[in-house]
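First up is the structure itself, then whatever we jot down about it.
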Amino acid sequence: MPGEPVLSGVNWGGLKTLYIKEVLRFFKVQMQTVWAPAITTLLYLAIFTVALGRSGRTVMGVAFADFIAPGLIVMAMLQNAFANASFSLLVGKIQGNIVDYLMPPLSTGELIAGLVGAAVTRAFFVGVAVWLAMLLWPGVSVMPRHLGWVLWFGLMGSFLLAFLGLLTSLWAEKFDHAAAVTNFVVTPLSLLSGTFYSVEQLAPSFRAISHANPFFYVISGFRYGFLGISDSPILVGAVGLLVLNLALWAICYSLLKSGWKIKA
């Protein structure tokens, strides 16, 4: 009958097409989107281990290089998940082809799944690239002890930044806006989350600030998966990040459903 929907349930074909499109978009320039972040992360490792790790320094009972390596891996994952998710809708708005995302028969949930799924995929590509490079790095051990926690916190962290990136792409009206969020929100929160130090070494006031930073729980939990040590409650971080991601998903869904800043 006229007016009856042709598609019912999940549009798996459309969702798959959107996901593959977004993955191919960053994979076609993999030297820039995957390998360049991996090289940058290795430079961080080289600089900090040469500057601080040669004297036999330890943090929380492990060698300094082993301590910072997991944090560097997941930090690269977080930054690239955000970069990927904050690009698609924004470039569509700027170039005037946002209709390519809005016109296909995809529900709001399917649109979010395709965009966020591609961002998480890029994050894991970068994470694996950095991990493989660190396996060959002399004096660094990056063999996981608890693979389940590595995957969980890597996934939760990637989702967290993908949702934040999607919100940024909805809000931003030009690339400068997205760059501002990267420079003044994402980068400071990732660098001040215990990647290069244990927050237990901080003064109580700064330690409390660190505990309010969700990036801290991602990095601490991810590090626990590699080293078996943590400066935060693992279960609290695991559950808290899940709840936070569900809240961000609900916000993304509500804003996309209403057409905020993307529909006339």
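Rule-based calculations on the coordinates, nothing more; no lab input. The structure presented is a predicted model; accordingly, all values stated were derived computationally and were not measured. As a convention, Cβ positions derive from the backbone with ideal geometry for all residues, glycine included, and neighbour counts pool all protein chains shown.
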Taking the C-alpha atoms of region 181-226, how large are the radius of gyration and the largest Cα-Cα span, Dmax, in Å? 10.5, 30
Can you list residues whose amide H is under 5 Å from V59's amide H, if they're 5+ apart or on another chain and H is modeled 1.01 Å from N? F64
Projected label distance in nm at L246 and I20, using a 7 Å step from Cα toward the beta-carbon: 3.4
What are the ³J(HN,Hα) couplings of region 11-19, residue after residue, when phi is run through the Karplus curve with 6.51, -1.76, 1.60 and θ = phi - 60°? Round to Hz, x for glycine and proline. 7, 5, x, x, 4, 4, 5, 5, 4
In the neighborhood of L18, defined by Cβ-to-Cβ distances under 12 Å, what is the net charge if each Lys or Arg adds +1 and each Asp or Glu adds -1? 0
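Kindly state, to the nearest 0.05, the FRET efficiency for W137 paired with A179, given R0 = 35 Å and r defined as their beta-carbon distance. Present the calculation step by step, with values, prior to reporting the outcome.
Working: r = 31 Å, r/R0 = 0.87.
That pair, W137 with A179, gives E of 0.70.
From Cα pairs below 8 angstrom and at least 6 apart in sequence, can you work out the relative contact order of region 110-264, rounded to a whole percent? Display every interim value, and only then the final one.
Numbers: 128 pairs, mean separation 49.1, N = 155.
Worked out over region 110-264, it gives 32 percent.
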Simple spin-label estimate for L191/V91, 7 Å along Cα→Cβ, in nm, reads 2.7
Please list, short to long, the whole-number percent of alpha-carbon pairs of region 223-264 in consecutive 10 angstrom bins beginning at zero. 25, 29, 22, 17, 7, 0
Scoring only Lys, Arg, Asp and Glu (+1, +1, -1, -1) among other residues with Cβ under 15 Å from the Cβ of T195 yields -2
What list of whole percents do you get for P(r) of region 119-264, with Cα-Cα distances grouped in 5 Å bins up to the one holding the largest distance? 2, 9, 15, 19, 20, 15, 10, 6, 3, 1, 0, 0
